[in-house]
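Presented below is the structure to which this report refers.
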Amino acid sequence: MKVGDEVKLRVRMSARDVHYGGDLVPGAKTLELFGDIVTEVTVRQDGDEGLFRAYTEIEFLAPVYAGDYLEVTGKLIKIGNTSRTVELTAKKVIASSRDPNTPSAADVLDKPIVVVKAIGVTVTPKEHQRKTA
């Protein structure tokens with residue numbers, strides 16, 4: 001990988017992801033998905049899963065509900081000796097209807113809604129780096 005490269009995944013939030021009333025999914029679920037993205041970045045960069053070190057920023061911007069589809073993206077923005085900094089974004093691309101009269105309805109969003117943004121830093125110790133990007 002090089003600075004500017006991205007990895008992406010798309011996931012449907014299910015009833016198992018709900019923790020709060022009203023089918024609301026906790027923000028921690030999105031952070032779990034960010035962890036998966038950062039792991040893929042370090043595997044592609046270093047041939048090793050690395051260790052997620054820190055979030056330097058996190059913004060929770062919109063709610064996520066069971067039935068919503070999220071597209072989660074991580075863009076490598078900085079490569080240090082052992083650290084990798086990743087810009088993370090989760091966007092709602094399909095929204096469940098939330099209408100009790102049509103519980104299985106959903107809408108593809110013309111304009112995705114950014115639900116969480118973050119910057120994450122991961123570390124891959126030199127002795128674990130199997131690739132040189």
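Please treat every number below as a calculation from the coordinates, not as lab data. What you are looking at is a predicted structure, and each value in this text was computed from that prediction instead of being measured. Note: ideal-geometry Cβ built from the backbone for every residue, glycine included; neighbour counts use all protein chains shown.
Mind checking which residues of region 2-30 are surrounded by 19 or more Cβ atoms within 10 Å (Cβ to Cβ) and among the hydrophobic types (A, V, I, L, M, F, W, C)?
Passing the criteria: 7, 13, 25.
Restricting the first residue to region 100-114 and requiring it to be within 13 Å of residue 71 (Cβ to Cβ), which pairs with a second residue that is surrounded by 10 or more Cβ atoms within 10 Å (Cβ to Cβ) and aromatic (Phe, Trp, Tyr) meet a Cβ separation below 9 Å and a spacing of at least six or different chains?
Close Cβ pairs satisfying both conditions: 108/69.
In region 17-34, which residue that is assigned to a helix (DSSP H, G or I) and free of Cβ contacts under 8 Å to residues at least 24 places away in the same chain is farthest from residue 70 (Cα to Cα)?
21
Give me a count of the residues in region 78-119 that are in a strand (DSSP E or B) and either in contact with a Pro (Cβ under 8 Å, 6 or more places away or on another chain) or surrounded by 15 or more Cβ atoms within 10 Å (Cβ to Cβ) (or both).
22
When region 53-75 is examined, which residues are found to be more than 13 Å from the chain's Cα centre (by Cα) and part of a strand (DSSP E or B)?
53, 54, 56, 57, 65
In region 40-55, which residue that is out of contact with any Ser or Thr (no Cβ under 8 Å at 6 or more places or on another chain) and touching a residue at least 24 places away in the same chain (Cβ under 8 Å) is surrounded by the fewest Cβ atoms within 10 Å (Cβ to Cβ)?
It comes out as 54.
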